[in-house]
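The values are calculated or read from the model by the stated rules, or taken from the named source; none is laboratory data. Everything quoted here is computed from the prediction, not taken from an experiment. A quick note on method: Cβ atoms are made from the backbone with ideal geometry, for glycine too, and the neighbour counts reach across all protein chains shown. Side chains are part of the model used for accessible areas, which takes the heavy atoms of the whole protein and leaves out ligands, DNA and RNA. Shrake-Rupley method; radii C 1.70, N 1.55, O 1.52, S 1.80 Å.
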Amino acid sequence: MLTSLKSFVSALVHGAKVPRVLMAEGNEQGDAKQLLRKSYNFFLNCTYKVLSVGPIPEHVAFIMDGNRRYAKMNNIDPEDSHRPGFIALMSVIKHCYELGVKYITIYAFSLHNFRRKPEEIERLMNWMREKIDTFLEDDGFIKRYGVRIYFVGKLEELSEDLQVATNKAMEVTANNTTTYLLVCVAYTSTDEIAHAVEESIPYNVTIRKQENNLATFKIELAELEKQMYMAVGPMPDILVRSSGETRLSNFLLWQTDRCLLYSPSALWPELGLGNLVWAVISFQRHYL
């Protein structure tokens, strides 16, 4: 029994699923399954409490890499390749909530993705709209974790029905203040910076005209950052890119100059609590 419990905890720490043999063994031993479940919950609570002694990151950003590779490895139809990733996202939100992470940012759709085949783009747009609807239908999840959704990026590039869905999601969750989910869609960091500069110019010209001093025109850093798409949240403390890749892929280039970069080998659908725990521990080590 003790060996089973150790295997169970080891599976949790390494982000793996609990072996089915443990469940079978639990059935054979009567209430052993229930004991394992209680041990699991106890371990979770202990993990959260131990980590809470140190500084907890306020904002964690994710590049969700590896969905298609995971689908290929598990013989999942390419059209359904993002479904396991959506389940992983729900799990990440839950764990971040329990850990005390207030802001979660995900890289959902790059502007560069519009270079794909039209039918693939249409399929991705439909899938995103479907998942937004699914998320909003789960009212219990939204209320339990107090999720407020922001969609950030060049949203006018999205299909009309998807724009309607994103606006609805932001309106429906606008009163929630516990967990903030920032979804970067039709986004690249270079576009964000260019947009911020463009939006800052009229403001600064007006100020200089009022001062009758156009000769000293310049863009103030504070004003520039106010115009960023990501101005709705604080700078990220940790950037996690799954699948072991270390490229930023034009994501949060402005905001990640001082944040911790973490690249676990797990593909996005495989990302587990163990990976998040290790990310927080690494943050706490660098924080001190």
In the stretch 228-251, anything touching a Phe, Trp or Tyr at 6+ places or on another chain (Cβ under 8 Å), more than 18 Å from S282 (Cβ to Cβ) and in a loop (DSSP other than H, G, I, E, B) is listed as M228, G233, P234, S249, F251
Please list, ordered by first then second residue, the pairs with beta carbon atoms under 6 Å, 6 or more apart or interchain, first in the stretch 227-256 and without any contact (Cβ under 8 Å) to a residue 60 or more places away in the chain, second polar (S, T, N, Q) and open to solvent by 50 Å² or more (accessible area, probe 1.4 Å). G244/S265
Among (1) modelled with pLDDT of 95 or more; (2) not in a helix (DSSP H, G or I), where does T190 come up short? (2)
Hey, S52 at pLDDT below 85 and of a type in the set (S, T, Y) or not: no
When the residues of the stretch 256-267 are filtered to those that are of a type outside the set (D, E) and under 21 Å from G233 (Cβ atoms), which remaining residue is most open to solvent (accessible area, probe 1.4 Å)? R258
Looking only at the stretch 73-119, count every residue that is closer than 28 Å to G274 by Cβ and either in contact with an Asp or Glu (Cβ under 8 Å, 6 or more places away or on another chain) or assigned to a helix (DSSP H, G or I) (or both) and tell me the total. 22
When you go through G85, G54, G100 one by one, which is the residue that is open to solvent by less than 40 Å² (accessible area, probe 1.4 Å), under 17 Å from the mean Cα position of the chain (by Cα) and small (G, A, S)? G85
With the requirement that a residue be among the polar types (S, T, N, Q), closer than 13 Å to D237 by Cβ and open to solvent by 20 Å² or more (accessible area, probe 1.4 Å), what does the stretch 268-288 give you? Q284
For the stretch 235-248, how many residues are exposed (fewer than 15 other Cβ atoms within 10 Å of the Cβ) and at positive phi? 1
Could you count how many residues in the stretch 123-157 are at pLDDT 95 or above and not in a helix (DSSP H, G or I)? 9
What is the one condition in (1) more than 26 Å from N67 (Cα to Cα); (2) assigned to a strand (DSSP E or B) that E198 does not satisfy? (2)
Residues located in the stretch 162-185, provided they are in a helix (DSSP H, G or I) and either at pLDDT below 95 or of a type outside the set (D, E) (or both): L162, Q163, V164, A165, T166, N167, K168, A169, M170, V172
How many residues of the stretch 160-175 are more than 16 Å from T105 (Cβ to Cβ) and either within 18 Å of the chain's Cα centre (by Cα) or open to solvent by 40 Å² or more (accessible area, probe 1.4 Å) (or both)? The answer is 9
